[in-house]
1. Quick one: in the stretch 42-58, which of the residues that are in a helix (DSSP H, G or I), touching a residue at least 24 places away in the same chain (Cβ under 8 Å) and open to solvent by 10 Å² or more (accessible area, probe 1.4 Å) is farthest from Asn85 (Cα to Cα)?
2. For Glu31, are the conditions met, namely being open to solvent by 70 Å² or more (accessible area, probe 1.4 Å), more than 41 Å from the chain's Cα centre (by Cα) and of a type outside the set (Val, Ile, Thr)?
3. Which one is farthest from Ala24 (Cα to Cα) among residues in the stretch 65-74 that are surrounded by fewer than 18 Cβ atoms within 10 Å (Cβ to Cβ) and in contact (Cβ under 8 Å) with a residue 60 or more places away in the chain?
4. If the Cβ limit is 7 Å and pairs must be 6+ apart or interchain, which residue in the stretch 137-165 that is aromatic (Phe, Trp, Tyr) pairs with which residue that is assigned to a helix (DSSP H, G or I) and open to solvent by less than 10 Å² (accessible area, probe 1.4 Å)?
5. Exactly one condition in (1) at pLDDT below 95; (2) among the charged types (D, E, K, R); (3) assigned to a helix (DSSP H, G or I); (4) out of contact with any helix residue (DSSP H, G or I) (no Cβ under 6 Å at 6 or more places or on another chain) is false for Glu9; which is it?
6. Which of the residues belonging to the stretch 86-105 are in contact (Cβ under 8 Å) with a residue 12 or more places away in the chain and open to solvent by 70 Å² or more (accessible area, probe 1.4 Å)?
7. From the list Ile79, Ile121, pick out the single residue that is in contact with a Phe, Trp or Tyr (Cβ under 6 Å, 6 or more places away or on another chain), touching a residue at least 40 places away in the same chain (Cβ under 8 Å) and not small (Gly, Ala, Ser).
Amino acid sequence: MTTIVATSEEDPVLAVVRFTSELAWADAGPEVAEPQVTSLCIEAQDCMVMGRWLDLASLMLTSADLIVSRVSEKDLECIFSVICNLVTRASTPDEELEMAKLISAKVVQQPNDRPTWCLKILFNLYNLLENAHSRFLVYSKALNLAASGKVTESIIPSFKKIDSFLQEWNIGKTDQRELFLTISNILKDKSLVKDSFAFLTKYLATFSGTGGESYAMNEAKEEAVRAVIEFVKSPDIFQCDLLDMPAVGQLEKDGKYALVYQLLKIFLAQRLDAYLDFHAANSTLLKSYGLVHEDCIMKMRLMSLLDLSSNESGEIPYSVIKDTLRITDEEVEYWVVKAITSKLLDCKVDQMNEIVVMSRHTEGVFGLSQWQSLHSKLEAWRGNIANAISTIKANKVSEEGLQAMQGLMIR
């Protein structure tokens, strides 16, 4: 096995040019090969002297492409590591971007039997780049390669950093949409439903419904429907902002998907009886989307309990829970405990008086009214704290005055 070893006698770049060209022309015989190798090495030296790094990268990639099947994966990794390092010598961001395009395109063209290796090279290239646009380009290539090569486990950990990446990349809405949707699909294939849904909602949230977005938003209808169905189907997603999104709102008046929008409104803003009426009239539709009636009832009972906790005074009688959830007296505490274990609410169960005393609950929808309610609570807390501080100061002044009076009396 041949291994490339960079020595002090020759620049690593020239060593790679020499190695790849010699191997590429090996079958032609010495008389043909030697002049070709010498010519390529001279051309590479000229590129280095004149700072033509893009041309040098192209030259090296062409030679490397000819020997892919002849060298080990380890040697190929060494070759591409040297080529990738050329981006650090780029004199302008535009030159770096063009080099990143060239190298990443060649990497993803490698045989499909080595996607993990290709990802490793792309990650190495990403870390060498300084320009934000170049980094986004390479990350996108890696993302698509991971998806097509079925090696997404190598890139999924990076999804946790997407928000910080977006701040760095500063990309436009179109690129954001493609990114979010690709990530959502990758996570869906891995059965990571909750994470997939989160990125799907990020995708839908990029549509404002204003300006010239009508065509693009129309293209998002299928994804909007998918988001609604995933929310309804998921046993552990109870909060979303889908109703506030124009991309989802367009379904309300759509001839094909209006009933899907109605179903979403039922789950987020109504109670079990509304769902049962909907099911009675549209059972075939629900089955066509893979929704199981019994599962929907279970989720709708929890959503109804959430709705009760947000609309009542804080104390909910057992009888109200029983009637709303359509359950027996014996099942009331079971559903309250189920809501607690699902982290939907905090409460105390008063068995003697048969009431549930709420202390906290999850909002199924967190829109303008919820923000206004939160603002009112914060203002009230601020006022209470200010009153407490004033009382403490007043008591301190009184105490200090009393101590002064006692000191005079002692004298």
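1. Of all residues in the stretch 42-58, those in a helix (DSSP H, G or I) come to 42-50, 53-58.
Checking which are touching a residue at least 24 places away in the same chain (Cβ under 8 Å) leaves us with 44-45, 48, 53-54, 56-58.
Cutting the leftovers down to open to solvent by 10 Å² or more (accessible area, probe 1.4 Å) gives us 45, 48, 53-54, 58.
Details: Gln45: 16, Met48: 13, Trp53: 11, Leu54: 12, Ser58: 13 Å.
Among those that are in a helix (DSSP H, G or I), touching a residue at least 24 places away in the same chain (Cβ under 8 Å) and open to solvent by 10 Å² or more (accessible area, probe 1.4 Å), it is Gln45.
2. Details: open to solvent by 70 Å² or more (accessible area, probe 1.4 Å): yes; more than 41 Å from the chain's Cα centre (by Cα): yes; of a type outside the set (Val, Ile, Thr): yes.
Criteria met by Glu31.
3. Within the stretch 65-74, the first condition is being surrounded by fewer than 18 Cβ atoms within 10 Å (Cβ to Cβ), and the residues that meet it are 65-66, 68-70, 72-74.
Of the ones still in play, those that are also in contact (Cβ under 8 Å) with a residue 60 or more places away in the chain are 72, 74.
Numbers: Ser72: 15, Lys74: 18 Å.
That would be Lys74.
4. Hits for this filter: Phe159/Ile183.
5. Unmet condition: (3).
6. Within the stretch 86-105, Thr88, Arg89, Ser91, Pro93, Glu98, Lys101 qualify.
7. Details: Ile79 fails: in contact with a Phe, Trp or Tyr (Cβ under 6 Å, 6 or more places away or on another chain).
Just a single option satisfies the conditions, and that option is Ile121.
Let's see how each residue does on (1) within 38 Å of the chain's Cα centre (by Cα); (2) surrounded by 13 or more Cβ atoms within 10 Å (Cβ to Cβ); (3) at pLDDT 90 or above:
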site	(1), (2), (3)
Lys299	yes, yes, yes
Ser304	yes, yes, yes
Gln351	no, no, yes
His361	yes, yes, no
Glu379	yes, no, no
Lys393	no, no, no
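The values are calculated or read from the model by the stated rules, or taken from the named source; none is laboratory data. Just so we're clear, the structure is a prediction, and the values are computed from it rather than from any experiment. Positions of Cβ are generated from backbone atoms using ideal geometry, with glycine treated the same way; all protein chains shown enter the neighbour counts. Just the protein is used for accessible areas: all its heavy atoms, side chains included, with ligands, DNA and RNA removed. Shrake-Rupley method; radii C 1.70, N 1.55, O 1.52, S 1.80 Å.
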